[in-house]
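Here the structure is laid out as structure tokens; the discussion comes afterwards.
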Amino acid sequence: MKYAYFPGCSLKGTGRAYEESLVPVLQHLGVELQELEDWNCCGATAYMAVDEGKACAAAARNLALAERTGLRQMLAPCSACYLVLNKTRHYLQEYPAMRQVVCRALESVGLACRADTTVRHPLDVLVHDIGRDAIRQKVSRPLKGLKVAPYYGCQIVRPYSTFDDQANPTSMDRLIEALGATVVKWPLKTKCCGGSLTGTLPEAGLRLSYILLKEAIKRGADVIATVCPLCQFNLDAYHAKIAARWEPVRIPTVYFSQLMGLAFGLPDHQTVLHRGMVQFRPPPAPAPTPA
Amino acid sequence: MSQAPAPAAAPTAGAADWSPRIVAFFCNWCTYTAADLAGVSRLKYAPNVRVIRLMCSGRVDPQFILDALARGADGVLIGGCHPGDCHYVEGNYKMLRRHQLLQRMLADLGIEPARVRLEWISAAEGEKVKRVVNEMTAQLRALGPLGLPQKFAAWDREVTALAREVHARDAAAGPCPDRAPSTQPGETVHA
Amino acid sequence: MKITRTIKYEADRVPGFGREVMSVPGCEALEHCIQCGTCSGVCPLSIYMDYTPRQVMELVRSDFKNEVLRSHTIWLCASCYACTVECPRQIRITDIMYELKQRAIKEGVYPARFPIPVLAKEFTRMVHDHGRISETRLVSQMYLKSNPLAALGMAGLGWGLMRTGRFSLKQDRVERREEIAKIMEAVDRENGKAAA
Amino acid sequence: MTRPQHVRIGFYVCHCGHNIAAMVDCTAVARYIATLPGVVLSRDYKYMCSDPGQELIQQDIREYGLNRVVVASCSPLLHEHTFRGAVEAGGLNPFFFHMVNIREHNSWVHTDRVLATEKAKDLARAAIERVVHHKPLEIKKVPIHPDVLVVGGGIAGIHAAMTLANAGKKVFLVEREPSIGGHMARFDKTFPTLDCAACILTPKMSEVGSHPNITLWTWSEVVKVDGYVGNYTVQVKRKARYVIEDLCTGCQDCIAHCVYKEPKFDDLFNERLGKRKPVYIPFPQATPQVVLIDPEVCLNFKRSKNPDGTPVVSDKCKKTCVEACGEKRAIDFTQKDQVVEIKVGTILVCTGFKTFDARRVPAYGYGVYPNVYTALEVERLVNASGPTGGHVVLRQGTNPDGSPKTPRSIGIIHCVGSRDKKTNLWCSRVCCMYSMKLAHLLKEHTGAEIYNFYIDIRTPGKGYEEFYNKLLEEGTHFIRGRVGEVTDWTMTPEEEGKLVIRVEDTLAGVVRRIPVDMVVLATGLEPQADADAVRRLFNMSCGGDGWFLERHPKLAPVNTFTDGVFLAGCCQGPKDIPDTVAQAGAAAAEALALIDKGYVEQEPNTAHILDTECSGCKSCIPLCPYTAILFDETRRKAYINEALCKGCGTCVGSCPSGSIVQNLFEDAEIFSEIAGVLAGEPVTAGRTGNLTPIATP
């Protein structure tokens, strides 16, 4: 299995733990990734707010680069990238006028975009292409007794994703169960973490992160598992501020890929748990069962 | 939903003025009623279709279609009930079969398949009448006139000319007892 | 007691504004709004808004352009799309918010010293200049431009990031930067053509 | 073009007020048609369907010796009958008439007056060409079988059956559940009068059960319908009850003596809120008062099936029920489904609705949070004969004394599954009123604070707005806003342990979080899951929304496109009980009108075979779905039994020798119609530009 790979800016910056853990996990499962050559920022949610045409063009450049690889599918682990690239595909398919503007703009630098590369999320690939059985087979250190609150955030299931239920996604739940851990049921799986508002309007943004952390603790979770660099950042980085404003709600937040690496028994530099500001201390490995 | 491509109203001559003529055969129970519904709902569509009401799409004789084309229609639309919904159980299936056979024949004649269209439109689908008529009008506009009567005239002229030529040659060659009499000069093949 | 006049006159409307917004790709369904308030009911940020999302929808439809473009609501939208998927009339409310943000920026009417539009603009500039975003650098710039004092409060956060190896002021960039610039110019050109 | 000398056509184009005249230049059409050969007279007139309009046709026939009439006006489906009548009154055979549709198919759907006028001319010319070939025909009268089939034993079917039976007609009432009563039997009270549903329904139910003219078949389904108006042959499957209906007295001793001492299985009548035994009667007032056995759970059956689909009898049970039944011997474990055939002349379809599945709106947590209920569940909760004896207690939680929790605050969410493009776009019409009814009843039973969350309150009925007013007086809260979500996460201490409703109070313009003990979802109405199969069975149509389609939304609201099949109740669209009963009465009256006339007039559009032309190839024979085409072996010719022919024309369209003729749709008629619509020059702008535009009136 081989996919084009669009890391996005966050995975090279504050969300580097996501890439550092995801790539080895996928390799471990026999997935080959080919990083897009000279990719650019997808435009995220900010660019759309300034200029729709340019935002689409910026994202479409990456789709064009992906088409060049000849691989029909591209992996986009960051939720914002995943959403924006999918949205751009929809827009290019739905609105001929937009397609014309974007295609002409890409032509000016010798690029062509048919918008036919499928943009996939790692969860989708893991659950549907690789399958839980293959994952379960790779688990060498089951996360027995670990209570994980799966947190999907908003942008991978809304509004374009088709690989999971919009109201009650379960792909990460199934994945976590395959790792041997226990899934904590909570109704906040897809609630907003505050997005960039945690920085721009802390009063509003941090409240949302606070609710998530508080409810995860209340329902007995040991750790929150995320799929998005911004969610991870918001739930990990603002504990001091949240404690000052409301109450201390210390619970670590890690990427699902870090939990996978842990269960697969990958080395520390591939689970990169030290990247969390709230340190996640995994349960001790169970004693090896006699054969 | 695209608006009806309203035929140009400006009094300028030329190809741009041309607008297709479509003869439609609608079954009484589904499609004709749907067209009534489109009317009651005041949906707007292209004025290029002339509807002939039949009790069932199964009544559509392929000759009706050929006759319409031969008389100058640029396309023929047949509307029946959805499969399984025929008021007469399965007349629409019979039409479907005929349509498929006819399409093969039309292809041999060089007539584009889009010119003879079969659609299932239920009594509740006024919207679909509008969509299909507009689509078909736009498609036929893109295809251009079929112009069978004009083609017949041209073919007749050709055949007449050929007949004259043969006649002249025969006359020059003298009588031949083995041959049947050739076509009379000036006689047209298509009445 | 200070009183303010809240009545709206017809002259306060900008006729055609609603239609104009509804003609933008993704914004068409607004005409079907029944003002049920589901958008506000599910919006996690509606509790801070000056107009609820539902009110914004009605103000757009009724051509109250000035009120809408100056509202805080459009900047509070965190693009979580909850409203869009829950709307019983399938109105893409998030996309309408984007459209309104774009118009506010174009017309320069967003609230002064408000960090969100500043962030959006800085973000865009960085994509344009470098092709990629260096997050910590971007955020630092935003604080310097909107509220330098608040930047001081973020020192702890910066330290946390540094400690975990996630802080970097180095600008990541695309190799063929001229390609990005050309594409953006071409978009302007094409859009200009379309407008003409 | 020449016409046979004797043809004298009169042409009339109707303005229909402005309906046609605004888009079609009627005068120009009349002037043009006047130039066609054979046309003796061509007029335009304001309203052709009016008495003076019809009088005009009659006068002209006499005065000008017309022998053909063409009217260009609305759809023939609307007024063909009217004008045929006028032509007949004028002394002509009514089939020397043809109608041109220039309203529904022209003036109402086009926007260019010049092109619409040209189209009207083309269509009118085609009719002139066609009508020349018309022949005098005779309407056939077929006697009507006076018996009636009513499908569905809800309040619509009950009322219709009673009306017909009281008029002396034999009625077969077929219901697929074990008892009649439908949804109404499960309601506690009815709005706005608050009279008890059972008190007004049960007398009617038992009347049905004992009426000499009604054959009541419950636990039965219609499986096949053949024939046509006046003469339907219907097959009804009578599902095995494992109890012989005629022998069961309804004493229920078998239930008391069942080996299951306690009821253990989900009680569907009570929305699974209660339990029943394998042998049961669905509810105390069930009609007929006959028990039945559920082979899925009864110990005397295996869970496996015989090759014919019937459950395998295990004989493992002690059969205490049989013992209890004693001499009556009503229980029969070997009973099988039976198909019976009946003959009826008319059919009333009253198959009702189903309620929307609340799980389809996940934001409201039905199926996730136990204390979220559907309205139908609450109907059973507040009902004295319901699973809790009328005590409103929650599925989850306890009172301080340890008893099941009584709600202190209740949120009722309107429009669940209605007015929503993602589910059903229609308004279900009854939810506002039943929500207020439940608000009243819940308050009466529990004294709780009640919040109604609505998008719009719709109270269009007698006494409905007054009921709303009464609720306001009772102090029920009405919050205008569609609820965003129902969750159990908390922000404040008073939210702990409650369900929290998050909603915008759109009238106050603020977002609110309201903690409640109980949430009631006012689920909307939907077509039955098998509506599509049922409509095929009876040859009806469905609208795009899935409800059965009436023949005309205003003028034929209980008729269908199949003559002799009528609709009543919610199968045609959501409606409340008064409207349902009114419609059931109307459908019964329509059926009675047909029956008492004694015969149906059949359109004489049947086909016949020209003996001289038939080559005996038999290709027509398998095409006829009614086996109306027979083959005379001695003469080697096919012939049609016109009594069986329905007039579809399928055989005509495929006869290779052209030897089959369909009355009213003869080849010559259709070919001339084709020639007629195409005889004009193709319309181009160049040509239309020469026309003098006529000011729109």
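The values are calculated or read from the model by the stated rules, or taken from the named source; none is laboratory data. Just so we're clear, the structure is a prediction, and the values are computed from it rather than from any experiment. FYI the Cβ positions are ideal-geometry reconstructions off the backbone, even for glycines, and counts take in every protein chain you see. The accessibility values were calculated without ligands, DNA or RNA, using every heavy atom of the protein model including side chains. Shrake-Rupley method; radii C 1.70, N 1.55, O 1.52, S 1.80 Å.
Report the label-to-label distance for residue C:3 and residue D:310 in nanometres (one decimal), using points 7 Å from each Cα along the Cα→Cβ vector.
So the label points at residue C:3 and residue D:310 sit 8.6 nm apart.
Would you work out which of D:531, D:542, D:510 lies farthest towards the positive end of the dipole of segment D:505-550? Charges go on Cβ: Lys and Arg +1, Asp and Glu -1.
It is D:510, whose Cα lies furthest towards the positive end.
In segment D:548-654, carbon and sulfur make up what percent of the accessible area (probe 1.4 Å)?
Working: 2530 of 4470 Å².
Looking at segment D:548-654 in its full context, I get 57 percent from C and S.
Run the reach check for residue D:275 against lysines, Cα to Cα strictly under 18 Å, same-chain hits fewer than 8 apart removed. What comes back?
Partners within reach: D:261, D:264.
In whole angstrom, and with the biggest value first, how far do the Cα coordinates of segment D:394-503 range along each principal axis?
Here the Cα extents, ordered largest to smallest, are 44, 32, 22 Å.
Return the carbon/sulfur percentage of the accessible area of chain A, one whole number, probe 1.4 Å, all protein chains in place. Show your work: numbers first, answer last.
Numbers: 4880 of 9750 Å².
On chain A, the fraction of accessible area on carbon and sulfur atoms equals 50 percent.
Nearest 20 debye, what's the magnitude of the dipole of segment D:419-467 about its Cα centre given +1 on Lys and Arg Cβ and -1 on Asp and Glu Cβ?
The dipole of segment D:419-467 has a size of about 300 debye.
To the nearest 20 Debye, how big is the dipole of the protein assembly as shown about its Cα centre, given +1 on the beta carbon of each Lys and Arg and -1 on that of each Asp and Glu? Before the final figure, lay out the partial values.
Details: 162 positive and 147 negative charges, 616 e Å.
Result for the protein assembly as shown is approximately 2960 debye, rounded to the nearest 20.
Arrange the residues D:196, D:617, A:192 by how much accessible surface each exposes, largest first, with a 1.4 angstrom probe. Walk me through the numbers on the way to the answer.
Values: D:196 35, D:617 70, A:192 10 Å².
Ranking D:196, D:617, A:192 by accessible area, largest first, yields D:617, D:196, A:192.
I'd like the residues of segment A:145-162 whose 1.4 Å-probe accessible area shrinks by no less than 40 Å² going from the isolated chain to the full set of protein chains.
So the qualifying set is A:158, A:159.
At a probe radius of 1.4 Å, figure out the B/D buried accessible area, summed over both chains, and give it in Å² to the nearest 100.
Working: alone 11200 and 31630 Å², together 37950 Å².
Answer for the B-D pair: about 4900 Å² buried.
Equivalent-ellipsoid semi-axes (√(5λ), Cα gyration tensor) for segment D:236-299, whole Å, largest first? Numbers along the way, then the final one.
Working: eigenvalues 65, 38, 32 Å².
Three semi-axes, in Å: 18, 14, 13.
Okay, which of segment D:345-384 sit inside 19 Å, backbone N to the point 7 Å along the Cα-Cβ direction of residue A:165?
D:356-374
Kirkwood hydrodynamic radius for segment A:4-138: how many Å is it when counted over pairs of different Cα atoms?
Details: mean 1/r = 0.0651 Å⁻¹.
In segment A:4-138 this quantity evaluates to 15.4 Å.
Suppose only helical runs count, i.e. DSSP H with n ≥ 4. What mean residue ellipticity at 222 nm does that imply for chain D under -39500 (n - 2.57) per run, divided by all residues and rounded to the nearest 500 deg cm²/dmol?
On the way: 17 runs with 180 residues, N = 697.
Value at 222 nm, helices only, nearest 500: -7500 deg cm²/dmol.
Starting from the Cα of residue C:189, move 7 Å in the Cα-to-Cβ direction to define the label point; list residues of segment C:94-132 whose amide nitrogen is under 19 Å from there.
Of the residues in segment C:94-132, C:128-129 have backbone N under 19 Å from the label point off residue C:189.
Residues of segment D:555-581 with amide nitrogen under 18 Å from the 7 Å Cα-to-Cβ point of residue D:140?
Within reach of a label on residue D:140, which here means backbone N under 18 Å from a point 7 Å along Cα→Cβ, segment D:555-581 contributes D:563-564.
Divide the volume of the convex hull of the Cα atoms of chain D by its number of residues and quote the answer in cubic angstrom per residue.
On the way: hull volume 156.9 nm³, N = 697.
Measuring per residue, one finds 225 Å³ for the Cα hull of chain D.
Could you name every residue in segment A:1-36 that has 50 Å² or more less accessible surface in the full protein assembly than in its own chain alone (probe 1.4 Å, ligands and nucleic acids excluded)?
Residues losing area: A:9, A:14.
Give the accessible surface of chain A per residue, rounded to a whole number of Å², with probe radius 1.4 Å and ligands, DNA and RNA excluded.
Numbers: 9750 Å² over 291 residues.
On a per-residue basis, chain A sits at 34 Å².
Might you work out the accessible area of residue D:445 for me, using a 1.4 Å probe with all protein chains in place, and round it to the nearest 10 Å²?
80 Å²
Could you compute the net charge surrounding residue B:103? Neighbours are other residues with a C-beta less than 13 Å from the C-beta of residue B:103; K and R count +1, D and E count -1.
On the way: positive: B:97, B:98, B:104, B:115, B:117; negative: B:108, B:112.
Neighbourhood net charge equals +3.
Please calculate how many Å² of accessible area chain D carries per residue, with a 1.4 Å probe and no DNA, RNA or ligand atoms counted. Before the final figure, lay out the partial values.
Numbers: 27930 Å² over 697 residues.
With all protein chains present, chain D gives 40 Å² per residue.
Helix-only mean residue ellipticity at 222 nm, chain A, DSSP H runs n ≥ 4 weighted -39,500 (n - 2.57), per residue, nearest 500. What is it? All intermediate terms of the calculation are to be shown ahead of the outcome.
On the way: 13 runs with 129 residues, N = 291.
Rounded to the nearest 500, it is -13000 deg cm²/dmol.
What is the local net charge at residue D:541, summed over the other residues whose Cβ is closer than 14 Å to its Cβ (Lys, Arg +1; Asp, Glu -1)?
Details: positive: B:128, D:535, D:536, D:551; negative: B:36, B:85, B:125, D:532, D:545, D:550, D:563.
So the environment of residue D:541 carries a net charge of -3.
Computed from the mean reciprocal separation of all distinct C-alpha pairs, what Kirkwood hydrodynamic radius does segment D:54-194 have, in Å?
Numbers: mean 1/r = 0.0506 Å⁻¹.
One decimal place: 19.7 Å for the Kirkwood radius.
For the C and D pair, go ahead and give the buried accessible area with a 1.4 Å probe, both sides summed, in Å² to 100. Let's see the in-between values first.
Values: alone 12670 and 31630 Å², together 42670 Å².
Using a 1.4 Å probe, the pair buries roughly 1600 Å².
Would you mind getting the accessible area per residue of segment B:66-132, heavy atoms of the protein chains only, 1.4 Å probe, in Å²? Mind showing how you got there, number by number?
Numbers: 2590 Å² over 67 residues.
That works out to 39 Å² for each residue.
Cα extents of segment D:303-379 along the three principal axes, largest first, in whole Å?
Ordered largest first, segment D:303-379 gives principal extents of 53, 46, 30 Å.
If you take the accessible area of C alone plus A alone and subtract the pair, what total do you get in square angstrom, rounded to 100, with a 1.4 Å probe?
On the way: alone 12670 and 12900 Å², together 19940 Å².
Roughly 5600 Å² of accessible surface disappears when C and A pair.
Given C-alpha coordinates of segment A:194-291, what is the ratio Rg to Rh with the Kirkwood estimate of Rh?
Working: Rg = 15.1 Å, Rh = 14.4 Å.
Expressed as Rg/Rh, it is 1.05.
Would you list which aspartates and glutamates come within 19 Å of residue C:101, measuring only between C-alpha atoms, while excluding same-chain residues fewer than 8 positions from it?
A:51, A:52, C:20, C:28, C:50, C:58, C:63, C:67, C:122, C:188
Can you list the lysines whose alpha carbon sits under 18 Å from that of residue C:170, skipping same-chain ones fewer than 8 residues off?
Partners within reach: A:12.
Across peptide D:555-562, how many C-beta atoms of other chains are within 10 Å of each residue C-beta, on average?
Details: counts 0, 0, 0, 0, 0, 0, 7, 2.
Neighbouring Cβ atoms belonging to other protein chains average 1 per residue here.
Which positions within segment C:79-98 get 50 Å² or more of their accessible surface covered by the other protein chains, compared to the chain by itself, with a 1.4 angstrom probe?
The answer is C:80, C:81, C:85, C:86, C:88, C:89, C:90, C:92, C:98 - residues whose exposure falls by at least 50 Å² when every protein chain is included.
Given a 1.4 Å probe and every protein chain left where it sits, what share in percent of the accessible area of segment D:305-433 is carbon and sulfur?
Accessible surface attributable to carbon and sulfur in segment D:305-433 totals 51 percent.
Of the listed pairs B:94/D:646; D:302/D:336; D:204/D:597, which have alpha-carbon separations greater than 23 Å here?
From B:94/D:646; D:302/D:336; D:204/D:597, over 23 Å: D:204/D:597.
Rank these by accessible area, largest first, 1.4 Å probe: D:571, D:317. Numbers along the way, then the final one.
On the way: D:571 5, D:317 25 Å².
The residues order as D:317, D:571, largest area first.
Show me the GluC sites (Glu not before Pro) within segment D:257-348 that DSSP assigns to loop and that have at most 15 other Cβ atoms within 10 Å of their Cβ. Kindly include the intermediate steps, with their values, before the conclusion.
Working: sites: D:271, D:296, D:323, D:327, D:341; in loops: D:271, D:296.
Those satisfying the criteria are D:296.
What figure, in Å² to the nearest 10, do you get for the accessible area of residue D:49 with a 1.4 Å probe and non-protein molecules left out?
So the heavy atoms of residue D:49 present about 50 Å² to solvent.
Assign unit charges at the C-beta atoms only (+1 for Lys and Arg, -1 for Asp and Glu), then state the dipole size of chain D relative to its Cα centre in Debye, rounded to the nearest 20. Numbers along the way, then the final one.
On the way: 78 positive and 80 negative charges, 157 e Å.
Here chain D has a charge dipole of around 760 debye.
Please grab the % of Cα pairs in the protein assembly as shown that end up more than 49 Å from each other.
Working: 468965 of 944625 pairs.
Beyond 49 Å sits 50 percent of the P(r) for the protein assembly as shown.
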